[in-house]
Amino acid sequence: MFSVKNLVKIYPTGQHALKGCSVDIDKAQIVSIFGPSGAGKSTFIRCINRLVEPTSGKVYLDGVEITGLKGKDLHEARRKMGMIFQEYNLIERLTVMENVLSGRLGYVGFLQAMFRRFPQDYVDEAFHLLERVGLEGYHNQRADALSGGQRQRVGIVRALIQHPKILLVDEPTSGLDPKTAMIIMQLIADLAKEKGIPAIVNIHDVALGQQYADRIIGLTEGEVVFDGPPSEVTAETLTQIYGEEDWSKTIRKVEDEEE
Amino acid sequence: MSSSSSSTVWKRDHFIKNPFLRWTVIILVTAYVLYALNDMNLNWARMKSGLPRAVDFFHRMFPPDFSRWTMIQRGVLESLQMAIISTTISIILAVPLSLGAARNISVRWVYLLSRAFVVVARSFPPILVAIIFVKAFGFGPFPGILTLAFTALGFMGKLLGEAIENIDPGQVEAIRATGANWFKVQLYGVAPQVLPRYVGLSIYLLDINLRASTIIGIVGAGGIGGALFNAFHRYEYDTALAILIVIIAIVLVMEFISSKVRGRLQ
């Protein structure tokens with residue numbers, strides 16, 4: 001259903017961010033991408049929906065080659081990919097409802113969008129999803145009045161209302177406290193399962209990433225250095241991904257939580 | 001306490017570190033200012049002989065003469081209309097111009113074109129533009145409106161363009177990721193971020209245009225300025241003062257309104 005073939009990205013600065021990454025996802029699973037800062041995780045995820053233009057390589061979603069699309073076709077392809085961001089990236093001055101409905105911008109006309117005349121079924125669904133993530137009654141609040149965890153819930157709803165075929169998630173928990181981070185990860189994992197879609201999740205927190213993932217991909221200096229189930233992630237794997245360190249505590253933490 | 005002998009003296013670095021260069025600059029600037037003062041014949045004798053004339057002129061302004069009220073009223077209303085029409089034109093045209101003049105939104109050739117327009121529009125003072133437009137289109141409020149709209153557009157293009165350049169790119173990215181086209185990205189990703197600035201600038205612009213509209217009449221571009229100029233020309237200083245009082249009153253009222261509105265935008 002989703003496939004990345006030999007993706008390469010070289011920035012105009014000469015930085016070689018991706019050096020030929022290939023990933024296939026053929027079922028609805030949570031894929032955590034591990035890797036040190038600057039390994040190319042953000043670039044990888046942005047090359048998929050082409051917020052960043054890949055230098056070469058191909059991306060396929062449901063048989064459509066995303067990398068070959070232009071203009072209107074590209075916009076339509078992006079509608080099928082929901083994205084969740086590190087800094088939430090909500091439109092701060094707009095209300096929760098406007099932020100959620102912005103996820104449907106690809107489906108409405110300019111004037112409809114301008115005068116906030118969204119079809120009733122979109123609004124119904126927005127209310128329903130807000131209730132699902134625990135933000136009932138918040139629809140008229142401005143986004144900048146919300147806490148970090150609440151903002152990310154809005155970000156999740158905005159992505160889901162697109163009816164995506166895949167979720168692209170970039171460091172969803174990095175600004176959140178540990179408890180909120182777990183709740184947000186749980187929510188993303190649950191909702192992806194509910195909708196039956198895969199999610200690619202860039203994540204710094206190894207324990208959290210392992211706990212919710214069905215599959216781990218290790219990215220180091222723009223190359224895939226590990227691809228396997230969380231149970232196969234060992235201290236050696238982490239050393240391979242991040243470099244030499246005492247990983248015993250990091251890994252035991254996960255096992256403790258699973259008991 | 002005994003450590004004071006080993007402590008390091010700290011002094012802030014001079015703006016120009018090289019002492020030779022620093023003193024050269026100081027001496028040259030001082031010398032030039034003295035030369036210029038002398039060259040411009042700025043002296044007390046002239047000041048003294050001029051003062052009584054200024055006082056006399058001032059005396060002849062009192063009391064202000066409001067007897068030609070209909071003429072003043074017509075001029076003031078014309079100025080007001082010129083200000084409102086030109087502001088409306090410029091804040092509408094400022095939207096595409098400032099998007100074009102924002103490096104993060106625009107493509108290169110549109111950016112350069114927009115910036116070039118902004119530089120040209122901003123480098124001429126309104127009175128100079130008015131002279132050119134009066135020459136081209138004849139006397140009256142029409143060249144006046146063009147003048148105000150043109151200079152205001154330069155102002156808006158620059159300040160709104162810079163506001164757009166400083167927006168949070170993450171919010172724009174998020175809207176792009178939803179599959180929205182370019183126009184809808186501007187509508188949801190850009191506009192909400194700069195809207196308070198846009199409204200604030202628009203009100204400020206009306207303020208500026210109103211002031212300018214009272215001046216450009218001096219070169220025949222309509223409004224109360226023409227009447228003011230004529231009054232001075234005919235040595236009717238009392239009428240001139242009446243006009244000045246009306247202008248000042250309007251500017252104060254405008255200032256009050258705009259500060260109220262801008263205060264509420266915060």
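Each value in this text was obtained by applying a stated rule to the coordinates, not by laboratory testing. Given the structure is predicted, the values throughout are model-derived calculations rather than measurements. Virtual Cβ from ideal backbone geometry, glycine too; neighbours counted across all protein chains shown.
Just a few scattered comments:
- Our coupling estimate for the range B:120-133, obtained by passing each phi through the Karplus curve with A = 6.51, B = -1.76, C = 1.60 and θ = phi - 60°, is 5, 5, 8, 7, 9, x, x, 5, 5, 4, 4, 4, 5, 5 Hz, Gly and Pro reported as x.
- Considering only A:ILE156, B:VAL199, A:LEU219, the residue lying farthest towards the positive end of the dipole of the protein assembly as shown is B:VAL199, judged by Cα position with unit charges set on Cβ.
- Cα lying deepest toward the dipole's positive end in the protein assembly as shown, options B:ILE27, B:THR214, A:GLN141, charges on Cβ: B:THR214
- Average partner coverage of B:166-176, which counts Cβ from other chains inside 10 Å: 6
- Gap separating the Cα centres of the range B:98-130 and the range A:35-107, nearest whole Å: 32
- GNM top mover of A:GLY35, A:GLY109, A:GLY71 - chain A, alpha-carbon springs below 10 Å: A:GLY71
- Highest average packing first - B:216-227, B:105-116, Cβ atoms within 10 Å: B:216-227, B:105-116
- Alpha-carbon spread of the protein assembly as shown, three principal axes, descending order, Å: 98, 78, 45
- Highest-first arrangement of B:51-62, B:174-185, where packing means the average Cβ count within 10 Å: B:174-185, B:51-62
- Taking Cα centre as origin and charging only the Cβ of basic (Lys, Arg, +1) and acidic (Asp, Glu, -1) residues, the dipole magnitude of the protein assembly as shown rounds to 2680 debye.
- Length-normalised contact order of the range A:2-258 in % [C-alpha pairs under 8 Å, at least 6 apart]: 27
- Other residues within the sphere of radius under 14 Å centred on the Cβ of B:LEU206, judged by their own Cβ, net out at +1 (K and R +1, D and E -1).
- Reciprocal of mean inverse Cα separation for chain A (Kirkwood radius, Å): 19.0
- If you wrap the Cα atoms of chain B in a convex hull and average its projected area over all directions, you get 26.6 nm².
- For chain A, modelled as a GNM whose springs connect Cα atoms under 10 angstrom apart, the maximal fluctuation among A:SER231, A:SER42, A:SER102 occurs at A:SER231.
- About its Cα centre, the dipole of the range B:64-216 is roughly 280 debye, where the only charges are +1 on Lys and Arg Cβ and -1 on Asp and Glu Cβ.
- Distance between the C-alpha centres of the range A:144-191 and the range B:223-255: 63 Å, rounded to the whole angstrom.
- Rounded to the nearest 20, the size of the Cβ-charge dipole of the range A:2-258 about its Cα centre is 1160 debye, with Lys and Arg at +1 and Asp and Glu at -1.
- Take each residue of peptide A:101-107, count the partner chain Cβ atoms within 10 Å of its Cβ, and average: the result is 6.
- Span-like helix check, chain A: qualifying full DSSP H segments, with Cα axial length of 24 Å or more and mean Kyte-Doolittle of -0.5 or more, are A:178-195.
- Expected 222 nm ellipticity per residue - DSSP helices of 4 or more, -39500 (n - 2.57), all of the protein assembly as shown, to 500: -18500 deg cm²/dmol
- Comparing B:LYS135, B:LYS158, B:LYS48 in a Gaussian network model of chain B (Cα springs below 10 Å), the most mobile by mean-square fluctuation is B:LYS48.
- Take each residue of peptide A:81-93, count the partner chain Cβ atoms within 10 Å of its Cβ, and average: the result is 5.
- Relative contact order of the range B:97-223, pairs being alpha-carbon contacts under 8 Å that are 6 or more residues apart, as %: 33
- The 3J(HN,Hα) values that the Karplus relation (6.51, -1.76, 1.60; θ = phi - 60°) gives for the range B:21-29 are, in residue order, 4, 4, 5, 4, 4, 4, 5, 4, 5 Hz. Gly and Pro appear as x.
- Along the axis of the charge dipole computed for the protein assembly as shown (Cβ charges of +1 for Lys and Arg, -1 for Asp and Glu, origin at the Cα centre), the listed residues A:ASN89, A:VAL59, B:LEU241 are led at the positive end by B:LEU241.
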